[in-house]
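Data first, discussion second: the structure below is written as structure tokens.
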Amino acid sequence: METRKKFQALKKELRDLNNIQVNTCELTFYAPKKVREKAQEMGIPQQILSFYENSNGFELNWEMLSSPDPDVLGRVKILSLSEVIQDWKDVVYFEDTELDDPIRTFRPFDFFVDEACVGIFLEEEFDNSLYLYKFGSEPFRLDLDISGYIKLLIAARGFLYWQNVIEALKTESHNTEVERFRTFMPQIFPNFSFDEFSNNYENLRLSKI
């Protein structure tokens, strides 16, 4: 199923639920050809370019009704391609950032909250993996390409900080988002299985390192 249809199916699923409120669920189609050509010249990976042939951004904002935890939310903000390739000075890097620091080539893709995003590096030594970048800390390699990321984003229904769950699975650690995710996802989405989500990540990982 192409990405567009996957997002449309997710939109329908969310709209049919009566235990959440969907505030925003918008998918924009087709990045302009000139923008895609410019992105290609900049070295944006082909997988990302292919994504933007069928989409030019996706924004999702939902919240659980009568939730005992105010952080049981859904947040996705996949940027338009023109936003991805813009200069991210004073957001991702700053005037005093070392000129050879790879973070200067980092481009946000999913800017789901103000303090964190998921994106790519344009440096040649980086592979196709997306990185979770919580501002003020080192970017974390999710070990997922764009295809795997979108599949798990949809499986997680954009649950707030589901990327931290991936970090915990990869590092075999624990964080507060894991417990929140495990507790509330099955309550909101009865067909959700954490074990299946975890297995899907293992199957989609680019490496086992």
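The values are calculated or read from the model by the stated rules, or taken from the named source; none is laboratory data. It should be emphasised that the depicted structure is a prediction, and the values quoted were computed from it without experimental measurement. Every residue, glycine among them, receives a Cβ derived from its backbone with ideal geometry; neighbour counts consider all protein chains shown. For accessibility, only protein heavy atoms count, side chains too; no ligands or nucleic acids. Shrake-Rupley method; radii C 1.70, N 1.55, O 1.52, S 1.80 Å.
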Whole-Å distance, taken between Cα centres, linking region 1-31 and region 106-164: 20
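How big is D for the chain, in µm² s⁻¹ as a whole number, if Stokes-Einstein is applied with the Kirkwood radius of its Cα pairs at 4 °C and 1.567 mPa s? Could you put the intermediate results ahead of the total?
Details: Rh = 17.7 Å.
Rounded, D is 73 µm²/s.
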Share of alpha-carbon pairs per 10 Å distance bin for region 73-160, given as whole %: 16, 53, 27, 4
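For the chain, give the percent of accessible area contributed by carbon and sulfur heavy atoms, probe 1.4 Å, rounded to a whole number.
Details: 4790 of 10630 Å².
Of the solvent-accessible surface of the chain, carbon and sulfur hold 45 percent.
Considering only the chain, what is the antiparallel percent among its DSSP beta bridges, to the nearest 5? Let's see the in-between values first.
Numbers: 26 of 27 bridges.
Percent antiparallel among DSSP bridges in the chain is about 95.
Report the charge-dipole magnitude of the chain in Debye, nearest 20, computed about the Cα centre from +1 at each Lys and Arg Cβ and -1 at each Asp and Glu Cβ.
Here the chain has a charge dipole of around 1080 debye.
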Lys/Arg +1, Asp/Glu -1 at C-beta; region 68-131 dipole; positive extreme among I78, V91, V118: I78
Helix-only [θ]222 nm of the chain, DSSP H runs n ≥ 4, -39500 (n - 2.57) each, per residue, nearest 500: -11500 deg cm²/dmol
At most 12 other Cβ within 10 Å, DSSP loop - GluC sites (Glu not before Pro), region 1-78: E2
